[in-house]
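What follows is one structure encoded as structure tokens, with my remarks underneath.
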């Protein structure tokens with residue numbers, strides 16, 4: 001069951017946060033875009049499990065479509081809605097993994113157990129980077145209208161990706177103390193700008209804490225999952 005769950009979670013984050021473009025999100029209310037996304041959900045689930053004709057994967061794609069229809073046509077676009085939407089998707093994945101726990105075992109990739117920890121690491125990295133970027137952008141959207149941005153185009157986005165990526169590496173390699181140095185370095189570099197405007201200071205603090213918190217939770221969750229999977233062949237510290 002754990003192997004199937006790992007594969008399906010990987011397929012989900014690939015479909016929702018890697019292969020789903022900004023344009024697809026914007027025009028998802030169009031039936032053609034909704035159908036395309038659903039097809040991608042089914043394809044990634046088939047590819048990740050090594051199964052082509054499993055009816056459980058068709059049911060999973062149908063459930064994903066139903067959740068997306070409810071969210072899209074209901075006009076729900078807040079951070080809370082995003083979290084609830086992802087919880088609903090994860091619950092359907094857990095349900096399928098419980099109902100058909102042998103999807104991975106009977107799939108094309110079962111002879112390569114080392115793929116499972118690699119998939120878990122990639123899932124954690126995707127959750128940390130693009131999924132985290134999307135969630136934090138939604139959190140900061142109400143505040144960004146009051147902030148004048150004189151920096152580089154997409155500079156904040158790139159900084160966020162880099163800091164979350166570094167946190168993920170620090171935690172997974174057993175060097176969480178590096179997170180503290182990262183916080184200190186960012187505080188020093190941002191001090192001059194933030195000290196001149198209270199709104200900017202608060203904006204930076206909220207964004208930084210959200211970004212760091214998201215990355216730490218994603219990294220710890222990934223680290224906690226690895227002992228339940230076959231060894232990757234790379235020595236990682238125990239959680």
Legend entry - Test: residue in the stretch 140-149 that is within 26 Å of residue 210 (Cα to Cα) and modelled with pLDDT of 95 or more: no
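Does the stretch 64-82 include one or more residues that are buried (at least 22 other Cβ atoms within 10 Å of the Cβ) and part of a helix (DSSP H, G or I)?
In the first step, residues of the stretch 64-82 are kept if they are buried (at least 22 other Cβ atoms within 10 Å of the Cβ); the result is 64.
Now restrict to residues that are part of a helix (DSSP H, G or I): 64.
Yes, because at least one residue in the stretch 64-82 is buried (at least 22 other Cβ atoms within 10 Å of the Cβ) and part of a helix (DSSP H, G or I).
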Inset, instruction - Taking residue 67 as the residue in question, decide whether it is under 17 Å from the mean Cα position of the chain (by Cα) and either within 21 Å of residue 18 (Cα to Cα) or not assigned by TED's automatic domain parsing to the domain that holds residue 172 (or both). - result: no
Inset, instruction - May I ask you to verify whether residue 81 is at negative phi, modelled with pLDDT under 95 and in the same structural domain as residue 37 (by TED's automatic domain parsing)? - result: yes
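Please go through the stretch 24-46 and give me each residue that is under 27 Å from residue 117 (Cα atoms) and in contact with a helix residue (DSSP H, G or I) (Cβ under 7 Å, 6 or more places away or on another chain), ordered by number.
Within the stretch 24-46, 37, 38, 40, 41, 42, 44, 45, 46 qualify.
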Inset, instruction - Scan the stretch 173-219 for residues that are modelled with pLDDT of 75 or more and under 20 Å from residue 133 (Cα atoms) and report the count. - result: 21
Inset, instruction - Write out, first by first residue and then by second, each pair whose Cβ atoms fall under 8 Å of each other, whose residues are 6+ apart or on separate chains, and whose first residue, in the stretch 17-44, is at negative phi while the second is part of a loop (DSSP other than H, G, I, E, B) and buried (at least 16 other Cβ atoms within 10 Å of the Cβ). - result: 34/28; 37/20; 37/28; 40/20
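Looking at the structure I just gave you, is residue 58 part of a loop (DSSP other than H, G, I, E, B), modelled with pLDDT of 95 or more and not assigned by TED's automatic domain parsing to the domain that holds residue 142? Write out each step before concluding.
Details: part of a loop (DSSP other than H, G, I, E, B): no; modelled with pLDDT of 95 or more: yes; not assigned by TED's automatic domain parsing to the domain that holds residue 142: yes.
It is false that residue 58 is part of a loop (DSSP other than H, G, I, E, B), modelled with pLDDT of 95 or more and not assigned by TED's automatic domain parsing to the domain that holds residue 142.
The values are calculated or read from the model by the stated rules, or taken from the named source; none is laboratory data. Bear in mind that the values here come from a model prediction, so they are computed numbers and not experimental data. Here the Cβ is made from the backbone with ideal geometry for all residues, glycine too, and neighbour counts use every protein chain on show.
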